[in-house]
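Worksheet: the structure to be examined is printed underneath.
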Amino acid sequence: ELTVETLNNWMELFAQKVSANKAYLSELDTPIGDGDHGNNMARGMVAVTEALQTKHPTDLTASLKLIAMSLISKVGGAAGPLYGTAFLEMAKTSQQTTDLAELLQAAVLGIKKRGGAKLGDKTLVDVWEVVVAKFPELTSQQIEQAVLATKDLEAKKGRASYLGERSIGHLDPGAVSSGYLFEALLEAEG
Ligand code: ADP
Ligand code: MG
Ligand code: MG
């Protein structure tokens, strides 16, 4: 079950991880992208943290919607609309249920519909889909495994796909940031 308190802790922990790994995420995005993923995500999570602190919504749907809007307006690039869609779908679904597994399933469907990527396309879907399927018995090792598995894949979506076979051998930056998101969730729940 997702509460407003857990959600706030989750976002704070995610913002910390993104900020601490901002340079690393942009570095991962350099050989197979345009080198901005860490900056994009850090800018977005600063906005999320600020929005939650200033407006401090007290209900789950409003909180999820505020997070989605902050991500959509501040992250930019490919990742902004995708992370934004994930939280927007969770916001919609939260009107029917607060079950975290169900909320996350709605998020994955939204991401896949929005970006058109499927499992194995070397995108953040490779982490979201695998990790959400394991939920709620998810472990840190499973998250790490899903992230590392993107390394040997050839990118089929996003900027990395322009490189074709040359995208093989690099971790997908969006998969790595998504790994932080789910690590933060485990910590917030624990
Ligand atoms: P941009 O590529 O526009 O600079 P970012 O660098 O912030 O955006 O994000 C890149 C990440 O977005 C990729 O590493 C990948 O995980 C994800 N991504 C890109 N396109 C798609 C897509 N169509 N579906 C799912 N994820 C995608
Ligand atoms: Mg980029
Ligand atoms: Mg970009």
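Values in this text are rule-based calculations from the coordinates and carry no lab data. Every value quoted in this text rests on a predicted model; they were computed, and no experiment measured them. Neighbour counts are summed over all protein chains in view; Cβ atoms, including those assigned to glycine, are modelled from backbone coordinates with ideal geometry.
Couple of notes before you dig in:
- Residue in region 47-55 that is within 16 Å of ligand 1 (Cβ to nearest atom) and touching a helix residue (DSSP H, G or I) at 6+ places or on another chain (Cβ under 9 Å) present: yes
- In the condition set (1) on the phi < 0 side of the Ramachandran plot; (2) within 16 Å of ligand 2 (Cβ to nearest atom), residue 158 is compliant with all but (1).
- Count of region 146-185 residues which are surrounded by fewer than 15 Cβ atoms within 10 Å (Cβ to Cβ), part of a helix (DSSP H, G or I) and away from ligand 3 (no atom under 16 Å from the Cβ): 4
- Test: residue in region 37-44 that is on the phi > 0 side of the Ramachandran plot and within 16 Å of ligand 3 (Cβ to nearest atom): no
- Single match in 17, 65 (criterion: surrounded by fewer than 19 Cβ atoms within 10 Å (Cβ to Cβ) and farther than 21 Å from residue 136 by Cα): 65
- Helices (runs of 4 or more DSSP H) completely within region 1-105 that count 3 or more residues being touching a Ser or Thr at 6+ places or on another chain (Cβ under 9 Å) and within 16 Å of ligand 2 (Cβ to nearest atom): 22-32, 37-55, 79-93
- The numbered conditions (1) among the aromatic types (Phe, Trp, Tyr); (2) within 16 Å of the chain's Cα centre (by Cα); (3) closer than 16 Å to residue 174 by Cβ are all true for residue 162 except (2).
- Exactly one residue out of 123, 93 is of a type outside the set (Phe, Trp, Tyr) and farther than 21 Å from residue 1 by Cα: that is 123.
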